[in-house]
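Chemist: Can you keep this structure in mind? I'll have questions shortly.
The values are calculated or read from the model by the stated rules, or taken from the named source; none is laboratory data. These figures come from a predicted structure and were not determined experimentally. Here the Cβ positions follow ideal geometry from the backbone for every residue, glycine too, while neighbour counts run over all protein chains shown. Just so you know, the surface numbers come from the protein's heavy atoms only, side chains and all, with ligands and any DNA or RNA stripped out. Shrake-Rupley method; radii C 1.70, N 1.55, O 1.52, S 1.80 Å.
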Amino acid sequence: MLGLTDPWVAAAYLGCLLMTVVCLIYGLVRRNTARDEVTAIDRDWAMEERKIED
Amino acid sequence: MGEQAVLGWADIIVIVLYLIAIAYLGWLGYRGTRSAADFLVGGRSSHPIIMAVSYGATFISTAAIVGFGGVAGLFGMSLLWLTFLNITVGILIAFTTLGEPTRRMGHRLDAHTFAEFLGHRYQSRGLQIFAGVLIFLFMPLYSAAVMTGGSVFAATQFGIPFEVALLIFAIITAAYVVPGGLKAVMYTDTLQGFVMVTAMLFLLWFTYSSLGGIGAAHQTLSEMADMVPASLQAIGHQGWTAMPTFGWGAQSYHLWWTIITAIILGVGIGVLAQPQLAVRFMTVRSRRELDRAVPIGAVFILLMVGTPFVVGSLSNAWFIDNGPLLHGQVSEVINADKERALVTLMRENDAGAWVYIFNEAEQPVEVPLQISATKQVTDSYGLNFELVSGRSSIITYVRGQADQIIPTFIASALPHWFGVIFFLALLAAAMSTMSSQFHTIGTAAGRDLYEQIAKKAHGSEPSLIVMRLAVVAGLLIAVLISYTVREGYVVARFTAIFFGLCAASFLPAYIAGLFWRRVTRAAALTSMAVGFGVSAFWLLFIKSQEAGAIGLVKLITGGKTSLLADYPNWPSVDPIVIALPLSLLTLIVVTFFTRAPDAEHLHRCFDSPSA
């Protein structure tokens with residue numbers, strides 16, 4: 001297949017493409033599913049993180 | 001070979017434009033919102049493309065492109081299983097399974113480094129210090145891999161000595177990371193990501209089209225299986241489009257165990273327990289942002305890891321059609337119909353006579369050649385013989401040095417201006433990875449070691465000095481390692497060692513910490529100690545490539561490179577295959593023999609209100 005004689009290598013080649021498609025579908029399906037909010041704990045953490053970075 | 005004129009006007013214009021763009025974005029970043037934490041503080045969402053590409057740019061470096069791409073040039077497309085794991089494990093599983101729990105728990109426990117995360121989760125200062133020490137000691141190995149990869153490329157592309165390239169690389173890195181450039185400025189990371197993507201797309205298109213398209217290119221490579229050097233055939237190499245021979249108990253299975261355990265499993269699984277990547281999940285704003293980053297991350301990794309593996313392998317086909325002509329005398333016919341033979345290489349001396357070329361061991365060099373011409377000539381004794389001319393796989397041209405394969409292919413096959421762009425892409429990849437590596441080294445030394453051991457408050461002045469000193473020390477160690485060790489495919493090996501060590505030491509404690517309430521502090525500590533101890537023992541005494549280079553095992557066994565040197569295949573098995581299961585087993589067994597953690601702490605870890 002595709003000039004690749006060893007089925008295990010062909011499987012890896014196609015597997016990479018297939019998993020990328022799975023990831024694309026996942027992102028498309030779930031793009032608005034999860035909640036998107038920043039809590040006080042998240043903000044406190046980010047303030048501390050910014051101090052460390054500076 | 002592959003040495004080119006240093007820089008033309010077009011090259012200089014490309015470099016200047018790139019630097020202006022980086023400087024502009026850096027200025028934009030420093031004026032306002034710059035890092036992931038700023039986005040979070042400001043309550044704004046960074047675009048998922050920015051999040052995914054900057055994560056990918058941290059993950060992918062010259063180590064993956066030059067190091068692993070070169071290994072693919074040597075061993076073939078079986079390495080695509082690593083790309084498969086990088087997408088499946090490194091993106092899909094990591095983002096969808098580990099990302100959100102890490103983010104929530106990290107925020108609840110106010111953890112800012114990976115070691116601190118483990119320390120707070122298990123309420124153990126000792127565990128944080130232990131993890132900090134491991135990261136501080138071994139991260140420079142990974143930085144050395146990135147630095148060697150970039151320096152080999154610069155040396156080949158611009159025709160300068162490796163040592164000069166390394167020095168320049170070290171100075172650029174120091175300028176970037178020492179004065180406080182530790183902060184991952186997401187816009188510049190993203191631009192660097194886009195430069196990398198564009199360069200990879202062009203490289204992939206060029207390589208396939210110069211070999212007649214996807215099917216034809218693979219076909220040519222498949223038909224070259226008989227051109228694999230004899231030394232690689234002996235360890236199980238069956239061609240660049242075939243898996244190595246599988247089995248146990250003979251030298252001819254050596255390659256399978258090396259590729260599958262060290263390169264594919266070590267790196268493919270090890271990515272889950274990479275300190276600098278796990279910490280990035282905490283900088284994400286919400287689960288939604290993680291979900292949206294999955295497809296972009298997958299495409300990015302497919303291009304950045306898949307391309308070098310395919311191109312590295314196909315460079316063998318390109319060189320057999322277009323490589324510089326080599327000359328010599330046939331010593332053994334490989335395939336008469338295809339005019340392929342094992343040829344003893346010769347060169348014409350100043351007197352016009354043909355003489356043998358010798359390798360470092362003073363032996364005549366014998367390589368497989370695709371013969372394109374023959375003629376009668378005389379040797380140094382005045383005797384007539386038939387001289388054949390032809391081309392070989394890229395392995396011949398780089399003398400088996402895998403790290404040279406991608407740089408040599410680009411310097412030889414692609415236009416020079418592309419080499420410059422590719423160099424900038426590599427520089428970008430190296431810088432984004434190294435800035436996070438050195439950030440991790442600095443915070444490991446300052447926050448996890450100094451502050452914990454000296455019991456200082458977070459962010460105190462001496463702690464900042466320790467961080468900066470640690471970055472400088474880490475940089476010096478990395479440069480020293482790059483300067484000293486260059487044999488074989490060190491870039492990929494150093495990366496694999498670091499990833500494997502992280503997986504065996506941290507992975508069970510990290511994942512159990514996220515999902516298993518019953519797991520105990522004692523279990524996590526012993527699991528980490530077993531994971532690290534077994535890995536270290538294996539690297540020092542069993543895995544011959546590393547054990548032989550370190551040399552301790554030779555003192556004990558009187559010159560052997562492994563305690564199991566007489567048992568084929570054991571010396572090529574990677575520590576991860578032994579150490580990770582043992583570390584996991586230890587975690588489970590010790591948990592059941594120790595007292596469960598208190599409910600109040602578990603409530604804080606898992607149930608307290610958060611996003």
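Chemist: Do we find a residue being touching a Ser or Thr at 6+ places or on another chain (Cβ under 7 Å) and open to solvent by less than 10 Å² (accessible area, probe 1.4 Å) anywhere in region B:344-359?
Modeler: no
Chemist: Hey, among B:447, B:493, B:486, B:468, which residue is assigned by TED's automatic domain parsing to the domain that holds residue B:211 and not in a helix (DSSP H, G or I)?
Modeler: Working: B:447 fails: not in a helix (DSSP H, G or I); B:493 fails: not in a helix (DSSP H, G or I); B:468 fails: not in a helix (DSSP H, G or I).
When all the criteria are applied, what remains is B:486.
Chemist: Please go through region B:569-595 and pick out each residue that is open to solvent by 50 Å² or more (accessible area, probe 1.4 Å) and in a loop (DSSP other than H, G, I, E, B).
Modeler: Passing the criteria: only B:595.
Chemist: Let me ask another. Look through B:156, B:102, B:173 and report the one residue that is in contact with a helix residue (DSSP H, G or I) (Cβ under 9 Å, 6 or more places away or on another chain), within 17 Å of residue B:502 (Cβ to Cβ) and among the polar types (S, T, N, Q).
Modeler: Values: B:156 fails: within 17 Å of residue B:502 (Cβ to Cβ); B:173 fails: within 17 Å of residue B:502 (Cβ to Cβ).
When all the criteria are applied, what remains is B:102.
Chemist: Now, a different point. All but one of (1) part of a helix (DSSP H, G or I); (2) touching an Asp or Glu at 6+ places or on another chain (Cβ under 9 Å); (3) aliphatic (A, V, I, L, M) hold for residue A:12, so report the exception by its number.
Modeler: Result: residue A:12 fails condition (2) only.
Chemist: In addition: Can you find a residue in region B:110-117 that is assigned by TED's automatic domain parsing to the domain that holds residue B:275 and in contact with a Phe, Trp or Tyr (Cβ under 7 Å, 6 or more places away or on another chain)? Spell out how you get there, then give the answer.
Modeler: First pass over region B:110-117, keeping only residues assigned by TED's automatic domain parsing to the domain that holds residue B:275: B:110-117.
Of the ones still in play, those that are also in contact with a Phe, Trp or Tyr (Cβ under 7 Å, 6 or more places away or on another chain) are B:110-111.
Checked region B:110-117: at least one residue is assigned by TED's automatic domain parsing to the domain that holds residue B:275 and in contact with a Phe, Trp or Tyr (Cβ under 7 Å, 6 or more places away or on another chain).
Chemist: Sort out for me the helices (runs of 4 or more DSSP H) sitting completely within region B:71-127 that have 3 or more residues that are at the interface with chain A (Cβ under 8 Å from one of its Cβ atoms).
Modeler: Values: elements: B:80-85, B:100-108, B:114-121.
Because the criterion is at least 3 residues that are at the interface with chain A (Cβ under 8 Å from one of its Cβ atoms), the helices (runs of 4 or more DSSP H) in region B:71-127 that meet it are B:80-85, B:100-108.
Chemist: Also, I was wondering about something else. On the given criteria, is residue B:263 open to solvent by 40 Å² or more (accessible area, probe 1.4 Å), in the same structural domain as residue B:444 (by TED's automatic domain parsing) and either at pLDDT below 95 or more than 24 Å from the chain's Cα centre (by Cα) (or both)?
Modeler: So residue B:263 fails the test.
Chemist: Going through B:293, B:273 one at a time, which residue ends up being crowded, with 22+ Cβ neighbours inside 10 Å, under 27 Å from residue B:504 (Cα atoms) and in contact with a helix residue (DSSP H, G or I) (Cβ under 6 Å, 6 or more places away or on another chain)?
Modeler: So the residue among B:293, B:273 that is crowded, with 22+ Cβ neighbours inside 10 Å, under 27 Å from residue B:504 (Cα atoms) and in contact with a helix residue (DSSP H, G or I) (Cβ under 6 Å, 6 or more places away or on another chain) is B:273.
Chemist: Between B:252, B:286, which is more than 23 Å from residue B:195 (Cβ to Cβ), away from chain A (no Cβ under 14 Å) and surrounded by fewer than 24 Cβ atoms within 10 Å (Cβ to Cβ)? Walk me through how you get there before you give the answer.
Modeler: On the way: B:286 fails: away from chain A (no Cβ under 14 Å).
Within the list B:252, B:286, the selection yields B:252.
Chemist: Moving on to the next point. Within the set of pairs 6 or more residues apart or between chains, which connect a residue that is aliphatic (A, V, I, L, M) inside region B:144-165 to a residue that is crowded, with 24+ Cβ neighbours inside 10 Å and not in a helix (DSSP H, G or I) with Cβ atoms less than 6 Å apart?
Modeler: If the second residue must be crowded, with 24+ Cβ neighbours inside 10 Å and not in a helix (DSSP H, G or I), the pairs left are B:146/B:61.
Chemist: Let me ask something else. Just checking, which of A:37, A:49 is at the interface with chain B (Cβ under 7 Å from one of its Cβ atoms), surrounded by fewer than 17 Cβ atoms within 10 Å (Cβ to Cβ) and among the charged types (D, E, K, R)?
Modeler: On the way: A:49 fails: surrounded by fewer than 17 Cβ atoms within 10 Å (Cβ to Cβ).
Being at the interface with chain B (Cβ under 7 Å from one of its Cβ atoms), surrounded by fewer than 17 Cβ atoms within 10 Å (Cβ to Cβ) and among the charged types (D, E, K, R) holds for just one of A:37, A:49, which is A:37.
Chemist: Checking the conditions here, which among B:405, B:410, B:421 is within 26 Å of residue B:69 (Cα to Cα), open to solvent by 30 Å² or more (accessible area, probe 1.4 Å), part of a helix (DSSP H, G or I) and touching a Ser or Thr at 6+ places or on another chain (Cβ under 9 Å)?
Modeler: Details: B:405 fails: open to solvent by 30 Å² or more (accessible area, probe 1.4 Å); B:410 fails: open to solvent by 30 Å² or more (accessible area, probe 1.4 Å).
So the residue among B:405, B:410, B:421 that is within 26 Å of residue B:69 (Cα to Cα), open to solvent by 30 Å² or more (accessible area, probe 1.4 Å), part of a helix (DSSP H, G or I) and touching a Ser or Thr at 6+ places or on another chain (Cβ under 9 Å) is B:421.
Chemist: Looking only at helices (runs of 4 or more DSSP H) that lie completely in region B:275-367, which have at least 2 residues being at pLDDT below 90?
Modeler: Values: elements: B:275-282, B:287-301, B:307-322.
Passing ranges, in order: B:275-282, B:287-301.
Chemist: Step by step: first the residues of region B:115-141, then only those that are touching a residue at least 60 places away in the same chain (Cβ under 8 Å) and in contact with a Cys (Cβ under 9 Å, 6 or more places away or on another chain), then the one that is farthest from residue B:604 (Cα to Cα). Which residue is that?
Modeler: Pass one, region B:115-141, residues touching a residue at least 60 places away in the same chain (Cβ under 8 Å): B:115-119, B:121-136, B:138-141.
Next, from what is left, pick out any that are in contact with a Cys (Cβ under 9 Å, 6 or more places away or on another chain): B:121, B:134-135, B:138.
Details: B:121: 9, B:134: 27, B:135: 27, B:138: 32 Å.
Taking the candidates together, the pick is B:138.
Chemist: Hey, another quick one. Please work out if residue B:341 is out of contact with any Asp or Glu (no Cβ under 7 Å at 6 or more places or on another chain) and either free of Cβ contacts under 8 Å to residues at least 24 places away in the same chain or of a type in the set (A, V, I, L, M) (or both).
Modeler: Working: out of contact with any Asp or Glu (no Cβ under 7 Å at 6 or more places or on another chain): no; either free of Cβ contacts under 8 Å to residues at least 24 places away in the same chain or of a type in the set (A, V, I, L, M) (or both): yes.
No.
Chemist: Looking at (1) farther than 18 Å from residue B:579 by Cβ; (2) open to solvent by less than 30 Å² (accessible area, probe 1.4 Å); (3) at pLDDT 95 or above, which is the only condition residue B:551 fails?
Modeler: (3)
Chemist: Now for a separate question. Looking at region B:327-340, can you tell me whether even one residue there is open to solvent by 10 Å² or more (accessible area, probe 1.4 Å) and in contact with a Gly (Cβ under 6 Å, 6 or more places away or on another chain)?
Modeler: In the first step, residues of region B:327-340 are kept if they are open to solvent by 10 Å² or more (accessible area, probe 1.4 Å); the result is B:327, B:329-340.
Checking which are in contact with a Gly (Cβ under 6 Å, 6 or more places away or on another chain) leaves us with none.
No, region B:327-340 contains no residue that is open to solvent by 10 Å² or more (accessible area, probe 1.4 Å) and in contact with a Gly (Cβ under 6 Å, 6 or more places away or on another chain).
Chemist: Determine which single condition residue B:600 fails, assuming it passes every other condition in (1) assigned to a helix (DSSP H, G or I); (2) buried (at least 18 other Cβ atoms within 10 Å of the Cβ).
Modeler: (2)
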